[in-house]
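Everything below concerns the one structure shown next.
The values are calculated or read from the model by the stated rules, or taken from the named source; none is laboratory data. Bear in mind the structure is a predicted one, so any value in this text is a computation, not a measurement. We place every Cβ from the backbone using ideal geometry, glycine too, and count neighbours over all the protein chains shown. These area figures cover heavy atoms from the full protein model, side chains too; ligands, DNA and RNA do not enter into them. Shrake-Rupley method; radii C 1.70, N 1.55, O 1.52, S 1.80 Å.
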Amino acid sequence: MRASCADATAWGGMVGFGETYLVAFALAIGISELTAGLMGSLPLLCGGVLQLVSPRLIRTLGSHKRWVVLCSSIQALVFVPLVIAALRGSISGTSLMLIASIYWGAGLAGGPAWNTWIGTVVPPPIRSRYFAFRTRSSQAAVFAGFLAGGFGLQWASQSEQLLTAYAIVFGLAGACRVVSVAMLVIKSEPTPIPANMRSIPLLSACRHLLNEGSGRLLLYLAAVQVAAQIAGPYLTPFMFQKLGHSYTQYVTLISMTFLAKVVTLPMWGHVAHRIGPHRLLWIGGIGIVPMSAAWIVSDAMPWLIAIQVGAGVVWAAYELAFFLMFFDAIAVEERTSLLTMYNLINTIAFVVGALIGGSILWILETSYVGYLVIFGVSTVARGGTLFLLARVPKIETRNDDIEVRTVSVRLNSASLDAPVIASLPGEDEHEGSR
């Protein structure tokens, strides 16, 4: 368990130093705004698809741990070509997209297996406190990583050593992942293949997810992600290329959103306990609607900071409510398989939204007006998702909190999070609490 906390902290360092600045690096090395924007979304599909073959590979390896360590090691190696590209000062957009795809493919493919593995390590009575501590350690490392990386890049940009600084930042990210892998290796695996874990076939999983309750909830999720990603991936290119913001301003905006999200998550847990996740989902769903269009109003830093703080607050409400309504209602032995399907649908929605936004930007020749158009379209699309939310039935849940893993730090929603489904009580715990 101590090794798992160390793994989470090192993982957070990798995310803070590495993935946070991948799109900014693409811009710094001369890749077009459109390609750089797609860099933050299109590669995710590789991970979503690779997860479909993960169960078979896990059984071939005979261990969830071996699969997670393999995926994590591949992810660590990805930073080697990034360091080389930064030192050389050149890389093609296609090569960088391939590197990003391997990074996301390895990272996301190991997620469901890790959720199963950690559930066999942490005793049920202490899971709530343990995962809360583990999550805070990871979030602190993410924050420290992107703060240190951002200020380092800002200093380097003023002394014409920017690409050298990127090589150092990516090197630190890779080193953090190596430490994470080492912690995974020494972590125990009491049960390599848990007897009660059910690997649900693809068609059966689809039928399960498309029942009246879960199906409508997932349809709403997909619509929200498509709407949000019309604009989300292009905020970083807009900031650097159109507004001319510095790395300090970039870090300031991300940190405000990230902190707002982290600080308000416990508050939203108390709200969910009082009013239920369904009403909380309405709060988050309505709150995220205007966040994209708010970028049209002004580009003054005080205004943008206020937007980003608000975005962190409402996205925290949305994510917590969705995770509770979806995963808490699923049988314990089915959660890992259905997490895989959720991730696939989520990543497909990410890509569809990014392609829509990219198409609009391409038609408008990535002009300043083009960015304003996609911000407006994203807001209109988010508003349209409320009609789907109105059709989502109230789903009974037995919990009011779930811990999350920060998979990526994003400007539009502070972070891309994945649920730690082992932090939810099991069926035996529910029975004991009745």
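Could you pull out the residue among Ser41, Ser72 that is surrounded by 15 or more Cβ atoms within 10 Å (Cβ to Cβ), closer than 23 Å to Ala3 by Cβ and not aliphatic (A, V, I, L, M)?
Sole residue among the options that is surrounded by 15 or more Cβ atoms within 10 Å (Cβ to Cβ), closer than 23 Å to Ala3 by Cβ and not aliphatic (A, V, I, L, M): Ser72.
Going residue by residue through the range 118-137, is there one that turns out to be closer than 20 Å to Leu339 by Cα, basic (Lys, Arg) and either buried (at least 20 other Cβ atoms within 10 Å of the Cβ) or free of Cβ contacts under 8 Å to residues at least 24 places away in the same chain (or both)?
yes
Considering only the range 254-334, give the helices (runs of 4 or more DSSP H) lying wholly within it that have at least 2 residues that are buried (at least 24 other Cβ atoms within 10 Å of the Cβ).
Fully inside the range 254-334 and qualifying: 277-287, 301-327.
Can you tell me which residue is modelled with the highest pLDDT among those in the range 184-223 that are of a type in the set (S, T, N, Q) and either open to solvent by less than 30 Å² (accessible area, probe 1.4 Å) or part of a loop (DSSP other than H, G, I, E, B) (or both)?
Ranking the candidates gives Ser188 first.
Among (1) over 18 Å from the mean Cα position of the chain (by Cα); (2) modelled with pLDDT of 90 or more; (3) open to solvent by 30 Å² or more (accessible area, probe 1.4 Å), there is one condition Val226 misses while meeting the rest; what is its number?
Every condition holds for Val226 apart from (1).
Every residue in the range 382-404 that is in contact with a Lys or Arg (Cβ under 8 Å, 6 or more places away or on another chain) and open to solvent by 20 Å² or more (accessible area, probe 1.4 Å), please.
Selection gives Leu388, Arg391, Pro393.
Any residue in the range 219-240 that's in contact (Cβ under 8 Å) with a residue 12 or more places away in the chain: show its pairings with residues that are among the basic types (Lys, Arg) at Cβ separation under 6 Å, as long as the two are six or more apart or on different chains.
Within 6 Å, the pairs are Ala227/Arg382.
Pick out the one residue from Ala144, Ala109, Ala86 that is under 24 Å from Leu411 (Cβ atoms), open to solvent by less than 20 Å² (accessible area, probe 1.4 Å) and touching a helix residue (DSSP H, G or I) at 6+ places or on another chain (Cβ under 8 Å).
Only one candidate passes the filter, namely Ala86.
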